[in-house]
Amino acid sequence: MNEKISMLMDGELDDEEADRLLSGFNQGEAEKWHCYHLIAEAIRDPEGFRADLHVDCINAIEAEPTVLAPHRSKTQKAKVYAWSAAASFAAVALVGWMALQSPQGTVVPSQVAQAVRLNVLKSKLNDYVTAHQEFSPESEMMTSNIRTVSDTYQENGR
Amino acid sequence: MRAVVFLLFCFSSAARAAIPLQQQDSIDLLKKISAAAHQVTYQGTFIFQRDGRIESTRIYHLVDQSGEHERLVRLDGPAREIICNDGQMAFYYPDQKAMMMERHAVARKGFPALLPDQLQTLSENYQVEDDGHERLAGYESRVLLLTPKDAFRYGHKLWIDQATDLLLKAAMISGDDEVIEQFAFTYVRIGGNFDRNLLKPTLPVMAPRMLDSRRQEEFRSGWEVDNLPPGFKKIAEMKRLFRGKAYPVTHLVYSDGIVAVSVFIEPLGPGSRPMEGVAKQGAVNLYAHPEKQYQITVVGETPEITVKQIGDSVVFKGRERD
(Lines give C-alpha, C1' and ligand atoms only; values in the text may rest on other atoms or scores of the structure.)
Protein backbone atom coordinates (compact mmCIF):
# COMPACT_ATOMS: atom_id res chain seq x y z
CA MET A 1 0.00 0.00 0.00
CA ASN A 2 2.80 2.41 0.87
CA GLU A 3 4.31 1.78 -2.49
CA LYS A 4 1.00 2.53 -4.18
CA ILE A 5 0.68 5.77 -2.26
CA SER A 6 4.18 6.64 -3.27
CA MET A 7 3.40 5.87 -6.91
CA LEU A 8 0.30 7.98 -6.68
CA MET A 9 2.31 10.89 -5.38
CA ASP A 10 4.67 10.28 -8.23
CA GLY A 11 1.92 10.45 -10.78
CA GLU A 12 2.69 6.91 -11.85
CA LEU A 13 -0.82 5.53 -11.42
CA ASP A 14 -3.44 5.98 -14.10
CA ASP A 15 -6.75 7.63 -13.20
CA GLU A 16 -8.61 4.41 -12.70
CA GLU A 17 -5.98 2.97 -10.38
CA ALA A 18 -5.74 6.26 -8.52
CA ASP A 19 -9.52 6.34 -7.98
CA ARG A 20 -9.53 2.80 -6.71
CA LEU A 21 -6.68 3.53 -4.34
CA LEU A 22 -8.15 6.76 -2.99
CA SER A 23 -11.61 5.34 -2.43
CA GLY A 24 -10.15 2.31 -0.66
CA PHE A 25 -8.21 4.32 1.89
CA ASN A 26 -8.84 3.46 5.48
CA GLN A 27 -8.42 6.04 8.22
CA GLY A 28 -4.71 5.41 8.64
CA GLU A 29 -3.96 5.54 4.95
CA ALA A 30 -5.98 8.68 4.49
CA GLU A 31 -3.97 10.30 7.24
CA LYS A 32 -0.76 9.11 5.66
CA TRP A 33 -1.82 10.57 2.33
CA HIS A 34 -2.56 13.83 4.10
CA CYS A 35 0.82 13.67 5.80
CA TYR A 36 2.64 13.18 2.53
CA HIS A 37 1.05 16.31 1.20
CA LEU A 38 1.97 18.22 4.31
CA ILE A 39 5.53 17.03 3.85
CA ALA A 40 5.49 18.04 0.21
CA GLU A 41 4.37 21.47 1.37
CA ALA A 42 7.08 21.49 3.97
CA ILE A 43 9.77 20.68 1.44
CA ARG A 44 8.54 23.45 -0.81
CA ASP A 45 8.46 25.86 2.11
CA PRO A 46 10.87 24.68 4.78
CA GLU A 47 10.51 27.93 6.69
CA GLY A 48 6.91 27.31 7.58
CA PHE A 49 6.90 23.61 8.04
CA ARG A 50 7.60 22.83 11.65
CA ALA A 51 4.68 24.81 12.90
CA ASP A 52 2.28 23.24 10.44
CA LEU A 53 3.24 19.63 10.63
CA HIS A 54 0.83 17.80 12.87
CA VAL A 55 2.27 15.71 15.69
CA ASP A 56 0.36 12.65 14.51
CA CYS A 57 2.01 13.05 11.17
CA ILE A 58 5.41 13.03 12.68
CA ASN A 59 4.49 9.93 14.66
CA ALA A 60 3.10 8.19 11.61
CA ILE A 61 6.20 9.04 9.66
CA GLU A 62 8.46 7.78 12.36
CA ALA A 63 6.54 4.55 12.70
CA GLU A 64 7.18 3.88 9.03
CA PRO A 65 9.64 0.99 8.92
CA THR A 66 10.64 0.53 5.32
CA VAL A 67 12.49 2.35 2.62
CA LEU A 68 10.63 2.61 -0.61
CA ALA A 69 12.46 1.45 -3.66
CA PRO A 70 13.72 4.30 -5.77
CA HIS A 71 11.59 5.03 -8.78
CA ARG A 72 12.64 6.43 -12.08
CA SER A 73 13.58 10.02 -11.48
CA LYS A 74 11.33 12.72 -12.80
CA THR A 75 12.49 15.97 -14.24
CA GLN A 76 9.49 18.14 -13.42
CA LYS A 77 10.14 20.08 -10.28
CA ALA A 78 6.72 19.59 -8.74
CA LYS A 79 6.87 15.88 -9.23
CA VAL A 80 10.29 15.75 -7.72
CA TYR A 81 8.95 17.45 -4.62
CA ALA A 82 6.03 15.11 -4.40
CA TRP A 83 8.22 12.11 -4.97
CA SER A 84 10.51 13.29 -2.32
CA ALA A 85 7.63 13.69 0.08
CA ALA A 86 6.29 10.24 -0.52
CA ALA A 87 9.58 8.45 -0.44
CA SER A 88 11.06 10.46 2.31
CA PHE A 89 8.99 10.48 5.41
CA ALA A 90 12.44 9.98 6.78
CA ALA A 91 13.75 13.19 5.38
CA VAL A 92 11.59 15.20 7.68
CA ALA A 93 12.54 13.55 10.89
CA LEU A 94 15.93 12.20 9.94
CA VAL A 95 17.42 15.36 8.66
CA GLY A 96 15.08 18.12 9.66
CA TRP A 97 15.39 19.49 6.22
CA MET A 98 16.96 18.38 3.06
CA ALA A 99 17.37 19.89 -0.33
CA LEU A 100 18.75 18.88 -3.63
CA GLN A 101 21.21 21.43 -4.72
CA SER A 102 23.57 21.96 -7.52
CA PRO A 103 26.94 23.39 -6.56
CA GLN A 104 25.47 26.82 -7.32
CA GLY A 105 22.61 26.20 -4.96
CA THR A 106 19.82 26.01 -7.48
CA VAL A 107 17.88 22.98 -8.59
CA VAL A 108 18.90 21.92 -12.05
CA PRO A 109 16.41 19.47 -13.52
CA SER A 110 18.98 17.36 -15.35
CA GLN A 111 20.93 16.92 -12.16
CA VAL A 112 17.79 16.07 -10.28
CA ALA A 113 17.06 13.43 -12.86
CA GLN A 114 20.48 11.92 -12.38
CA ALA A 115 20.77 12.13 -8.68
CA VAL A 116 19.42 9.41 -6.49
CA ARG A 117 17.87 11.00 -3.46
CA LEU A 118 20.02 10.99 -0.38
CA ASN A 119 17.19 9.94 1.84
CA VAL A 120 16.45 6.78 -0.10
CA LEU A 121 20.00 5.72 0.56
CA LYS A 122 19.89 6.72 4.17
CA SER A 123 20.75 3.26 5.44
CA LYS A 124 24.08 3.38 3.68
CA LEU A 125 24.63 6.91 4.85
CA ASN A 126 23.85 5.83 8.38
CA ASP A 127 26.68 3.35 8.13
CA TYR A 128 28.89 6.27 7.21
CA VAL A 129 27.63 8.34 10.12
CA THR A 130 28.31 5.44 12.49
CA ALA A 131 31.74 4.85 10.96
CA HIS A 132 32.48 8.54 11.36
CA GLN A 133 31.53 8.64 15.04
CA GLU A 134 34.40 6.34 15.90
CA PHE A 135 36.83 9.05 14.93
CA SER A 136 35.12 12.05 16.41
CA PRO A 137 37.09 13.49 19.32
CA GLU A 138 33.89 15.16 20.45
CA SER A 139 32.04 11.81 20.73
CA GLU A 140 35.09 10.37 22.38
CA MET A 141 34.55 12.60 25.40
CA MET A 142 31.45 10.67 26.37
CA THR A 143 30.52 7.57 24.48
CA SER A 144 30.64 7.36 20.73
CA ASN A 145 27.28 5.60 20.88
CA ILE A 146 25.13 8.52 21.93
CA ARG A 147 24.08 9.43 18.43
CA THR A 148 23.87 5.81 17.34
CA VAL A 149 21.47 4.68 20.05
CA SER A 150 19.27 7.72 19.60
CA ASP A 151 19.01 7.37 15.88
CA THR A 152 15.51 6.29 14.97
CA TYR A 153 16.58 5.53 11.46
CA GLN A 154 19.73 3.63 12.15
CA GLU A 155 19.58 0.41 10.18
CA ASN A 156 16.12 1.19 8.93
CA GLY A 157 16.88 0.60 5.32
CA ARG A 158 18.33 -2.39 3.69
CA MET B 1 47.16 46.93 43.83
CA ARG B 2 46.79 43.24 44.48
CA ALA B 3 43.61 43.89 46.39
CA VAL B 4 42.22 45.82 43.44
CA VAL B 5 43.05 43.00 41.08
CA PHE B 6 41.47 40.55 43.49
CA LEU B 7 38.34 42.68 43.78
CA LEU B 8 38.11 42.99 40.03
CA PHE B 9 38.44 39.24 39.81
CA CYS B 10 35.64 38.79 42.34
CA PHE B 11 33.36 41.12 40.44
CA SER B 12 34.07 39.43 37.17
CA SER B 13 33.35 36.05 38.74
CA ALA B 14 30.13 37.37 40.20
CA ALA B 15 29.12 38.54 36.75
CA ARG B 16 29.99 35.06 35.53
CA ALA B 17 32.43 36.40 33.03
CA ALA B 18 34.27 33.50 31.47
CA ILE B 19 37.95 33.36 32.18
CA PRO B 20 40.24 32.46 29.29
CA LEU B 21 42.30 29.33 29.88
CA GLN B 22 45.92 28.90 28.95
CA GLN B 23 46.32 26.64 25.97
CA GLN B 24 48.11 23.94 27.92
CA ASP B 25 45.44 23.95 30.63
CA SER B 26 42.71 23.55 28.02
CA ILE B 27 44.49 20.67 26.38
CA ASP B 28 45.13 18.97 29.70
CA LEU B 29 41.52 19.33 30.70
CA LEU B 30 40.21 17.98 27.39
CA LYS B 31 42.54 15.02 27.71
CA LYS B 32 41.30 14.37 31.22
CA ILE B 33 37.67 14.38 30.07
CA SER B 34 38.47 11.85 27.40
CA ALA B 35 40.42 9.65 29.79
CA ALA B 36 37.63 9.78 32.37
CA ALA B 37 35.10 8.63 29.76
CA HIS B 38 37.02 5.35 29.53
CA GLN B 39 38.26 4.98 33.07
CA VAL B 40 35.34 5.91 35.32
CA THR B 41 32.67 3.43 36.38
CA TYR B 42 29.23 4.97 36.39
CA GLN B 43 25.57 4.33 35.67
CA GLY B 44 22.83 6.76 34.92
CA THR B 45 20.26 8.17 32.56
CA PHE B 46 21.03 10.83 30.00
CA ILE B 47 18.90 12.78 27.61
CA PHE B 48 19.95 13.55 24.09
CA GLN B 49 18.30 16.44 22.32
CA ARG B 50 18.43 17.44 18.68
CA ASP B 51 16.09 18.68 15.98
CA GLY B 52 13.41 19.45 18.55
CA ARG B 53 13.37 15.92 19.95
CA ILE B 54 14.50 14.64 23.30
CA GLU B 55 15.34 11.00 23.98
CA SER B 56 16.35 9.29 27.18
CA THR B 57 18.91 6.53 27.35
CA ARG B 58 20.11 4.47 30.27
CA ILE B 59 23.82 3.81 30.43
CA TYR B 60 25.86 1.33 32.45
CA HIS B 61 29.59 1.74 32.24
CA LEU B 62 32.02 -0.50 34.09
CA VAL B 63 35.78 -0.37 33.95
CA ASP B 64 37.67 -3.21 35.60
CA GLN B 65 40.77 -5.35 35.01
CA SER B 66 39.13 -7.02 32.04
CA GLY B 67 38.58 -3.68 30.34
CA GLU B 68 35.75 -1.32 29.50
CA HIS B 69 32.16 -2.55 29.38
CA GLU B 70 29.15 -0.54 28.41
CA ARG B 71 25.45 -1.11 27.92
CA LEU B 72 23.09 1.50 26.54
CA VAL B 73 19.35 1.02 26.77
CA ARG B 74 17.15 3.32 24.82
CA LEU B 75 14.17 4.33 26.95
CA ASP B 76 12.05 6.23 24.42
CA GLY B 77 10.77 4.95 21.10
CA PRO B 78 11.60 1.45 19.90
CA ALA B 79 13.49 -0.58 22.52
CA ARG B 80 17.13 -0.90 21.61
CA GLU B 81 20.33 -1.83 23.28
CA ILE B 82 23.96 -1.41 22.42
CA ILE B 83 26.51 -3.49 24.26
CA CYS B 84 30.17 -2.71 24.02
CA ASN B 85 32.90 -4.91 25.48
CA ASP B 86 36.35 -3.55 24.82
CA GLY B 87 35.57 -2.35 21.34
CA GLN B 88 33.42 -5.32 20.39
CA MET B 89 29.94 -4.02 19.84
CA ALA B 90 26.55 -5.66 19.58
CA PHE B 91 23.43 -3.82 18.53
CA TYR B 92 20.05 -5.18 19.60
CA TYR B 93 17.33 -3.60 17.49
CA PRO B 94 14.31 -5.92 17.70
CA ASP B 95 12.09 -3.36 15.96
CA GLN B 96 14.26 -3.85 12.90
CA LYS B 97 13.67 -7.62 12.85
CA ALA B 98 16.82 -9.69 12.23
CA MET B 99 18.77 -7.44 14.40
CA MET B 100 21.78 -8.39 16.24
CA MET B 101 24.82 -6.93 14.67
CA GLU B 102 28.36 -6.87 15.71
CA ARG B 103 31.46 -5.14 14.72
CA HIS B 104 34.88 -4.53 16.01
CA ALA B 105 35.25 -0.91 16.77
CA VAL B 106 38.64 0.58 16.19
CA ALA B 107 40.94 0.68 19.13
CA ARG B 108 40.05 3.82 21.02
CA LYS B 109 41.99 6.67 19.60
CA GLY B 110 42.10 8.70 22.76
CA PHE B 111 41.38 12.35 22.82
CA PRO B 112 42.19 14.61 21.30
CA ALA B 113 42.86 12.29 18.39
CA LEU B 114 45.56 14.58 17.19
CA LEU B 115 49.18 14.89 16.40
CA PRO B 116 51.22 16.94 18.86
CA ASP B 117 51.54 19.92 16.52
CA GLN B 118 47.78 20.00 16.10
CA LEU B 119 47.24 20.36 19.80
CA GLN B 120 49.06 23.63 19.53
CA THR B 121 46.52 24.90 17.00
CA LEU B 122 43.55 24.37 19.31
CA SER B 123 43.68 27.96 20.46
CA GLU B 124 43.80 29.16 16.85
CA ASN B 125 40.39 27.59 16.28
CA TYR B 126 38.65 28.10 19.60
CA GLN B 127 38.74 30.45 22.51
CA VAL B 128 38.67 28.20 25.57
CA GLU B 129 37.28 29.69 28.76
CA ASP B 130 36.44 28.63 32.25
CA ASP B 131 32.77 29.49 32.73
CA GLY B 132 32.36 28.91 36.42
CA HIS B 133 30.67 26.09 38.30
CA GLU B 134 27.26 24.55 38.17
CA ARG B 135 25.52 21.73 40.00
CA LEU B 136 24.44 19.04 37.63
CA ALA B 137 22.68 15.71 38.26
CA GLY B 138 23.69 16.05 41.89
CA TYR B 139 27.36 16.67 41.17
CA GLU B 140 29.39 19.84 41.29
CA SER B 141 30.66 20.56 37.80
CA ARG B 142 33.15 22.86 36.18
CA VAL B 143 31.91 24.58 33.04
CA LEU B 144 34.15 24.93 30.00
CA LEU B 145 33.26 27.11 27.04
CA LEU B 146 34.81 26.66 23.60
CA THR B 147 33.94 29.51 21.29
CA PRO B 148 34.88 29.06 17.64
CA LYS B 149 36.96 31.75 15.98
CA ASP B 150 35.36 31.28 12.56
CA ALA B 151 32.21 29.92 10.93
CA PHE B 152 33.65 26.50 10.12
CA ARG B 153 32.82 25.02 13.51
CA TYR B 154 30.25 25.09 16.26
CA GLY B 155 30.75 26.24 19.81
CA HIS B 156 30.84 23.78 22.70
CA LYS B 157 29.88 24.04 26.31
CA LEU B 158 31.03 21.24 28.60
CA TRP B 159 30.04 20.48 32.17
CA ILE B 160 32.73 18.37 33.83
CA ASP B 161 32.45 16.56 37.16
CA GLN B 162 34.90 18.23 39.54
CA ALA B 163 36.00 15.02 41.22
CA THR B 164 36.36 12.57 38.31
CA ASP B 165 36.39 14.74 35.13
CA LEU B 166 33.46 12.74 33.78
CA LEU B 167 31.49 14.77 31.25
CA LEU B 168 28.04 15.37 32.75
CA LYS B 169 26.58 17.56 30.06
CA ALA B 170 27.65 18.85 26.65
CA ALA B 171 26.00 21.28 24.27
CA MET B 172 26.89 22.27 20.72
CA ILE B 173 26.05 25.84 19.92
CA SER B 174 25.53 27.45 16.53
CA GLY B 175 26.72 30.85 15.40
CA ASP B 176 23.30 32.24 16.38
CA ASP B 177 23.81 31.06 19.95
CA GLU B 178 21.27 28.31 19.51
CA VAL B 179 21.80 24.93 21.10
CA ILE B 180 21.71 22.53 18.16
CA GLU B 181 22.45 19.34 20.02
CA GLN B 182 22.99 18.45 23.62
CA PHE B 183 23.37 15.54 25.93
CA ALA B 184 22.97 15.71 29.70
CA PHE B 185 22.78 13.30 32.56
CA THR B 186 19.54 13.64 34.48
CA TYR B 187 20.74 11.03 36.93
CA VAL B 188 24.15 9.51 37.38
CA ARG B 189 25.90 7.50 40.04
CA ILE B 190 29.66 7.61 39.77
CA GLY B 191 31.60 4.71 41.25
CA GLY B 192 30.09 2.53 43.96
CA ASN B 193 28.85 -1.03 43.68
CA PHE B 194 28.12 -2.27 40.23
CA ASP B 195 25.89 -5.23 39.45
CA ARG B 196 27.48 -6.95 36.45
CA ASN B 197 24.10 -8.36 35.44
CA LEU B 198 23.22 -4.87 34.33
CA LEU B 199 25.68 -5.30 31.46
CA LYS B 200 23.74 -8.20 29.95
CA PRO B 201 21.29 -7.62 27.14
CA THR B 202 17.61 -8.00 27.96
CA LEU B 203 16.35 -7.82 24.41
CA PRO B 204 16.03 -11.02 22.37
CA VAL B 205 19.09 -12.20 20.50
CA MET B 206 18.37 -12.72 16.84
CA ALA B 207 20.32 -14.00 13.89
CA PRO B 208 23.46 -11.90 13.79
CA ARG B 209 24.24 -9.83 10.78
CA MET B 210 27.77 -8.71 10.73
CA LEU B 211 28.68 -5.17 9.96
CA ASP B 212 31.75 -5.51 7.84
CA SER B 213 34.53 -3.70 9.54
CA ARG B 214 37.57 -5.01 7.76
CA ARG B 215 39.84 -2.16 7.10
CA GLN B 216 43.31 -1.43 5.92
CA GLU B 217 44.92 1.43 7.73
CA GLU B 218 48.25 3.01 6.87
CA PHE B 219 46.84 3.29 3.41
CA ARG B 220 47.63 6.00 0.88
CA SER B 221 44.65 6.46 -1.34
CA GLY B 222 45.95 9.35 -3.41
CA TRP B 223 42.82 11.35 -2.59
CA GLU B 224 43.28 14.74 -1.01
CA VAL B 225 41.25 17.71 0.10
CA ASP B 226 42.59 20.76 -1.69
CA ASN B 227 40.77 23.46 0.22
CA LEU B 228 40.65 22.39 3.85
CA PRO B 229 39.00 24.87 6.22
CA PRO B 230 41.54 26.40 8.61
CA GLY B 231 42.61 24.29 11.56
CA PHE B 232 41.60 20.93 10.08
CA LYS B 233 44.26 18.31 9.58
CA LYS B 234 44.16 14.72 8.45
CA ILE B 235 44.15 12.27 11.37
CA ALA B 236 43.36 9.00 9.60
CA GLU B 237 43.22 7.44 6.17
CA MET B 238 42.02 3.94 5.42
CA LYS B 239 40.37 1.62 2.97
CA ARG B 240 37.39 -0.25 4.38
CA LEU B 241 34.48 -2.41 3.42
CA PHE B 242 30.85 -1.60 4.06
CA ARG B 243 27.99 -4.00 3.78
CA GLY B 244 26.08 -3.61 0.58
CA LYS B 245 29.04 -2.06 -1.19
CA ALA B 246 30.85 -4.01 -3.85
CA TYR B 247 34.00 -1.90 -3.69
CA PRO B 248 36.19 -0.84 -0.79
CA VAL B 249 35.56 2.70 0.34
CA THR B 250 38.35 5.17 1.02
CA HIS B 251 37.80 6.88 4.36
CA LEU B 252 39.72 10.06 5.20
CA VAL B 253 39.28 11.76 8.57
CA TYR B 254 40.11 15.39 9.32
CA SER B 255 39.92 17.04 12.72
CA ASP B 256 40.35 20.46 14.27
CA GLY B 257 41.02 18.92 17.68
CA ILE B 258 37.44 19.02 18.89
CA VAL B 259 35.37 17.62 16.05
CA ALA B 260 36.05 15.49 13.01
CA VAL B 261 34.96 15.42 9.39
CA SER B 262 34.96 12.13 7.47
CA VAL B 263 35.31 11.91 3.72
CA PHE B 264 34.14 8.68 2.07
CA ILE B 265 35.13 8.03 -1.53
CA GLU B 266 33.76 5.13 -3.52
CA PRO B 267 33.73 4.31 -7.20
CA LEU B 268 30.39 4.68 -8.90
CA GLY B 269 29.90 1.20 -10.26
CA PRO B 270 27.84 0.42 -13.34
CA GLY B 271 24.20 1.17 -12.63
CA SER B 272 24.81 3.15 -9.46
CA ARG B 273 23.64 6.71 -9.67
CA PRO B 274 25.44 9.68 -8.17
CA MET B 275 24.12 11.47 -5.10
CA GLU B 276 24.23 15.22 -4.76
CA GLY B 277 22.87 17.16 -1.83
CA VAL B 278 23.07 18.08 1.82
CA ALA B 279 21.40 16.55 4.83
CA LYS B 280 21.38 17.52 8.47
CA GLN B 281 20.67 15.75 11.72
CA GLY B 282 21.28 17.71 14.87
CA ALA B 283 24.86 18.89 14.71
CA VAL B 284 25.82 16.39 12.03
CA ASN B 285 25.92 17.67 8.47
CA LEU B 286 26.25 15.40 5.51
CA TYR B 287 27.17 16.36 1.97
CA ALA B 288 27.11 14.06 -1.03
CA HIS B 289 28.80 15.10 -4.22
CA PRO B 290 29.84 13.10 -7.29
CA GLU B 291 33.33 13.68 -8.64
CA LYS B 292 33.84 12.13 -12.06
CA GLN B 293 33.32 8.38 -11.60
CA TYR B 294 33.41 8.61 -7.81
CA GLN B 295 30.89 9.35 -5.13
CA ILE B 296 32.15 11.66 -2.40
CA THR B 297 30.24 11.66 0.90
CA VAL B 298 31.29 14.01 3.70
CA VAL B 299 30.03 13.65 7.28
CA GLY B 300 30.93 15.88 10.20
CA GLU B 301 29.58 17.51 13.34
CA THR B 302 30.30 20.88 11.78
CA PRO B 303 28.25 23.54 9.98
CA GLU B 304 27.18 22.83 6.44
CA ILE B 305 29.77 25.15 4.88
CA THR B 306 32.56 23.00 6.31
CA VAL B 307 31.38 19.70 4.84
CA LYS B 308 30.59 21.42 1.54
CA GLN B 309 33.94 23.14 1.22
CA ILE B 310 35.69 19.87 1.97
CA GLY B 311 33.46 17.82 -0.34
CA ASP B 312 33.86 20.26 -3.22
CA SER B 313 37.64 20.18 -3.07
CA VAL B 314 38.30 16.44 -2.95
CA VAL B 315 40.76 15.60 -5.73
CA PHE B 316 42.75 12.58 -6.78
CA LYS B 317 46.45 13.33 -6.79
CA GLY B 318 47.83 9.83 -6.60
CA ARG B 319 49.22 7.63 -9.31
CA GLU B 320 47.14 5.54 -11.65
CA ARG B 321 44.73 3.37 -9.76
CA ASP B 322 44.97 -0.37 -9.95
remark   = Taking segment B:37-56 and the residues there that are under 17 Å from the mean Cα position of the chain (by Cα) and modelled with pLDDT of 90 or more, the one that is nearest to the other protein chains (Cβ to nearest Cβ) would be B:Phe48
remark   = Being within 11 Å of chain A (Cβ to nearest Cβ), out of contact with any Cys (no Cβ under 6 Å at 6 or more places or on another chain), surrounded by fewer than 17 Cβ atoms within 10 Å (Cβ to Cβ) and in a loop (DSSP other than H, G, I, E, B) narrows B:Arg220, B:Arg243 down to just B:Arg243
request  = Please indicate, with yes or no, whether at least one residue in segment B:198-206 is modelled with pLDDT under 95, assigned to a strand (DSSP E or B) and away from chain A (no Cβ under 12 Å).
outcome  = no
note = Looking across segment B:255-264 at residues that are over 18 Å from B:Tyr294 (Cβ atoms) and in a strand (DSSP E or B), the single one that is nearest to the other protein chains (Cβ to nearest Cβ) is B:Ala260
request  = State whether one or more residues within segment B:273-293 are under 27 Å from B:Ser26 (Cα atoms), at the interface with another protein chain (Cβ under 8 Å from one of its Cβ atoms) and part of a loop (DSSP other than H, G, I, E, B).
outcome  = yes
All positions within segment B:241-277 that are closer than 20 Å to B:Arg319 by Cα and not acidic (Asp, Glu) = B:Tyr247, B:Pro248, B:Val249, B:Thr250, B:His251, B:Leu252, B:Val263, B:Phe264, B:Ile265, B:Pro267, B:Leu268
The one condition in (1) under 20 Å from A:Phe135 (Cα atoms); (2) modelled with pLDDT of 90 or more that B:Phe316 fails to fulfil = (1)
task = Consider B:Glu129 carefully, then state whether it is away from chain A (no Cβ under 14 Å), exposed (fewer than 15 other Cβ atoms within 10 Å of the Cβ), at pLDDT 90 or above and part of a strand (DSSP E or B).
result = no
request  = Mind counting the residues in segment B:158-175 that are free of Cβ contacts under 8 Å to residues at least 24 places away in the same chain and within 14 Å of B:Thr302 (Cα to Cα)?
outcome  = 2
key: Inter-residue pairs, beta-carbon under 7 Å, first outside the structural domain of B:Ser174 (by TED's automatic domain parsing) and in segment B:262-280, second in a loop (DSSP other than H, G, I, E, B) and of a type in the set (Phe, Trp, Tyr), 6+ apart   = B:Ser262/A:Phe135; B:Glu266/B:Tyr247; B:Pro267/B:Tyr247; B:Gly269/B:Tyr247; B:Lys280/A:Trp97
ask   = Does B:Ala170 satisfy the condition of being closer than 30 Å to B:Gln43 by Cα and part of a strand (DSSP E or B)?
value = yes
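The values are calculated or read from the model by the stated rules, or taken from the named source; none is laboratory data. Nothing here was measured: the structure is a model prediction, and the numbers come from that model. Neighbour counts run over all protein chains shown; Cβ positions are idealised from the backbone, glycine included.
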